[in-house]
1. Do the conditions hold for Val19, that is, is it open to solvent by 60 Å² or more (accessible area, probe 1.4 Å), within 16 Å of Ile89 (Cα to Cα), assigned to a strand (DSSP E or B) and among the hydrophobic types (A, V, I, L, M, F, W, C)?
2. Between a residue in the range 27-40 that is without any contact (Cβ under 8 Å) to a residue 60 or more places away in the chain and over 18 Å from Ala53 (Cα atoms) and any residue that is open to solvent by 50 Å² or more (accessible area, probe 1.4 Å) and outside any loop (DSSP other than H, G, I, E, B), which pairs come within a Cβ distance under 9 Å, given they are 6 or more apart or on different chains?
3. Run down Asp25, Asp63, Asp44 and say which single residue is in a loop (DSSP other than H, G, I, E, B), out of contact with any helix residue (DSSP H, G or I) (no Cβ under 8 Å at 6 or more places or on another chain), surrounded by 14 or more Cβ atoms within 10 Å (Cβ to Cβ) and among the charged types (D, E, K, R).
4. Look through the range 66-90, keep the residues that are open to solvent by less than 30 Å² (accessible area, probe 1.4 Å), part of a loop (DSSP other than H, G, I, E, B) and not aliphatic (A, V, I, L, M), and return whichever of them is farthest from Gly14 (Cα to Cα).
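The values are calculated or read from the model by the stated rules, or taken from the named source; none is laboratory data. Fair warning: this is a prediction, and the values are worked out from it, not measured in the lab. All Cβ positions, glycine included, derive from the backbone under ideal geometry; neighbour counts span all protein chains shown. Areas reflect the complete protein model, heavy atoms only, side chains present, ligands, DNA and RNA absent. Shrake-Rupley method; radii C 1.70, N 1.55, O 1.52, S 1.80 Å.
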Amino acid sequence: SGASDQVIDCGFAGGARFVMIKRTDGTSNWRVWDTARGIISGNDPSLDLNSTAAEQTGFNQVDPDSSGFKVKANDFWNTSGANFIFLAIA
């Protein structure tokens, strides 16, 4: 896992309202966070777009950042040496 939070600077003026991430060098889901569910400094509700599973609420995986978003340290979505693709919308 990553040693520290990773700030993803998207050049936004008010932070990301929608974030989708998928790991590309291994098996993972298309994980989505949005401000309607809550991208906050704390547990962030999320959905997996490729799954019918219920919303997950018990994990702090992303945090808000004024220029985009942060991926939390020591989380699957911040694995050192792994490759990820993301889409962020302001």
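1. Working: open to solvent by 60 Å² or more (accessible area, probe 1.4 Å): no; within 16 Å of Ile89 (Cα to Cα): yes; assigned to a strand (DSSP E or B): yes; among the hydrophobic types (A, V, I, L, M, F, W, C): yes.
The answer is no for Val19.
2. Every condition considered, the pairs that remain are Thr35/Phe18; Thr35/Pro64; Ala36/Phe18; Ile39/Phe18; Ile39/Pro64; Ile40/Pro64.
3. When all the criteria are applied, what remains is Asp44.
4. In this case the residue turns out to be Asp75.
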